[in-house]
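One structure is given here, and the rest of the page talks about it.
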Amino acid sequence: MSKRTLPEMGMHSVECLDPESHDELVINLPLPSRMLSPNRNETRPQSVGALMGLSRARREYRETCTAIVAVSVRQAGWRTPQRARVDLHFGYRRDPLERALPETRKFYRSDDPDNAVASAKMAIDSLTYGLAIVDDSWKHIELGAVTASDDEGPYLQISVKRLA
């Protein structure tokens, strides 16, 4: 992992919304890079060098998110639930001119929820590695709401709600 500190890696905040029962954990992570978007041509690399670059980007993002999740779990006193609901909120800050011009919107970020979830795969994996959830299989998680806003950010906010 690179030698950046956790605040430089995008740790904005962590909170346990109900500290007594520890039923919900909210973690803000950095957005995945554009290289990890399913709409980019680099998701189907044409060369060994491109494949290595994509693999490196995935690994670095996963390691960054895992470090933030692990620290957040420890700080909040979170107990790993057997089953949890995971909600995703993407904050894409765009300047007002980009929001006003439809032709620039598609080049900045995708507005497709399915692509947003696909680009957040490594962040969801990091919930397992950082001990926020037991596993990212259907048996242990339920994917909840996927929302986005372009007036704040950039960040990926993950909310983990205890179901069992």
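Derivation of every value follows stated rules applied to the coordinates shown; laboratory data play no part. Note that the structure is predicted; figures quoted are calculated from it, not measured. Using ideal geometry, Cβ is built from the backbone for each residue, glycine included, and neighbour counts are taken over all protein chains shown.
Given a Förster distance of 30 angstrom, what is the FRET efficiency for Asp23 paired with Val71, based on the Cβ-Cβ distance and rounded to 0.05?
The pair Asp23/Val71 has a calculated efficiency of 0.90.
Ranked highest first by the average count of other Cβ atoms within 10 Å around their residues, in what order do 76-86, 57-67 fall?
57-67, 76-86
Run the numbers for Arg56 and Met35: contour at 0.36 nm per residue of separation, minus the present Cα-Cα distance, in nm.
Value of the extension gain: 6.5 nm.
Could you check the spin-label model distance between Leu131 and Arg85? Points 7 Å from the Cα along Cα→Cβ, value in nm.
2.6 nm
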